[in-house]
1. Looking only at helices (runs of 4 or more DSSP H) that lie completely in segment 7-59, which have at least 2 residues being over 12 Å from the mean Cα position of the chain (by Cα), more than 10 Å from ligand 2 (Cβ to nearest atom) and closer than 24 Å to E78 by Cα?
2. Of everything in segment 92-116, what is within 14 Å of ligand 2 (Cβ to nearest atom), within 17 Å of the chain's Cα centre (by Cα) and of a type outside the set (V, I, T)? Give them in sequence order.
3. Would you say E78 is in contact (Cβ under 8 Å) with a residue 24 or more places away in the chain and away from ligand 1 (no atom under 12 Å from the Cβ)?
4. Might you check whether a residue that is within 16 Å of ligand 2 (Cβ to nearest atom) and surrounded by 15 or more Cβ atoms within 10 Å (Cβ to Cβ) occurs anywhere in segment 143-159?
5. Just the residues that are modelled with pLDDT of 95 or more, over 15 Å from Y187 (Cβ atoms) and of a type in the set (D, E), please, taken from segment 85-132.
6. Quick check, is D66 at pLDDT below 95, more than 10 Å from ligand 2 (Cβ to nearest atom) and under 18 Å from the mean Cα position of the chain (by Cα)?
7. Evaluate segment 142-158: report whether one residue or more is in contact with a strand residue (DSSP E or B) (Cβ under 6 Å, 6 or more places away or on another chain), assigned to a strand (DSSP E or B) and either near ligand 1 (Cβ under 9 Å from one of its atoms) or modelled with pLDDT of 95 or more (or both).
8. In segment 178-215, which residues are charged (D, E, K, R) and in contact with an Asp or Glu (Cβ under 9 Å, 6 or more places away or on another chain)?
Amino acid sequence: MNIILLGPPGAGKGTQSAGLVERHGMRQLSTGDMLRAAVKAGTPVGLRAKEVMERGELVSDEIVSDLIDAELAAMAPETGAIFDGYPRTVAQAEALDAILAKHGRKLDHVIELAVDEDALVARITGRFSCANCGALYHDTAHPPATPGVCDVCGGTEFKRRPDDNEETVRMRMQEYRAKTAPILPFYEARGIVSRVDGMGSIEAVAQAIDAILRG
Ligand code: ADP
Ligand code: ADP
Ligand code: ZN
């Protein structure tokens, strides 16, 4: 099974990917996470991406498609893939078709997380994650059960993304509307798009996604 989770920044793609990994043993392929790792490691890709990401603009199609290609090459063919934050342009969607074909995979579902734009700024400015394991939290909507202690690994250090501020979020939303939303018709023509109400609770969204995967 190969699926795309599509939605604007803060829609819940990362949160739902983590749930799918846990429930179904799928693998999350997040270009955002890969790029942040490259920035941290100071690789040539990271050096090129850093400022673009800080502005909330999109990095080049070629960089992200190469990252995805390399990850799929290293995956067992039977492991399902969740594409999180990729593709983000029609050119990336076309590249993904070629990459999937090369690795003998096909796209089963494109799941659109539909959210109310007003809620996104609050979601993003309240987002933080465990510095040790990366588990995602929210100040009010999804805090750790014991304040200051990660539910998943017991870690006590947390971090916030430098691009999770209101100004950058507005730019990211604009990029989504202009460049990413147009990939929906590309996939709708194939009849593989499902829409989920992303404004429900994390559990309700997870159930709606599982219902789609069951067919
Ligand atoms: P994305 O990967 O689409 O940018 P995230 O999964 O990181 O979004 O979620 C953004 C923030 O919103 C996180 O702090 C997360 O804990 C919170 N969140 C995710 N899903 C929901 C939900 N259904 N209801 C409320 N808050 C949510
Ligand atoms: P969010 O969780 O808020 O949707 P991501 O973590 O997916 O954000 O992406 C963070 C930043 O990384 C983006 O604002 C963009 O600069 C860059 N990025 C991530 N994925 C892509 C992609 N597929 N194409 C271009 N840029 C990307
Ligand atoms: Zn943790």
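1. Numbers: elements: 13-24, 31-41, 44-55.
Filter on segment 7-59 gives 13-24.
2. Of everything in segment 92-116, those that are within 14 Å of ligand 2 (Cβ to nearest atom), within 17 Å of the chain's Cα centre (by Cα) and of a type outside the set (V, I, T) turn out to be Q92, A93, L96, E112, L113.
3. Judged against the criteria, E78 is not a match.
4. Within segment 143-159 (the criterion being within 16 Å of ligand 2 (Cβ to nearest atom) and surrounded by 15 or more Cβ atoms within 10 Å (Cβ to Cβ)), the answer is no, since none of the residues qualifies.
5. Within segment 85-132, none qualify.
6. In short, no.
7. Within segment 142-158 (the criterion being in contact with a strand residue (DSSP E or B) (Cβ under 6 Å, 6 or more places away or on another chain), assigned to a strand (DSSP E or B) and either near ligand 1 (Cβ under 9 Å from one of its atoms) or modelled with pLDDT of 95 or more (or both)), the answer is yes, since at least one residue qualifies.
8. Hit for segment 178-215 is R195, nothing else.
The values are calculated or read from the model by the stated rules, or taken from the named source; none is laboratory data. Everything numeric in this text was worked out from a predicted model, so none of it was measured. Don't worry about glycine lacking a Cβ; one is built from the backbone with ideal geometry, like all the others, and counts go over all protein chains shown.
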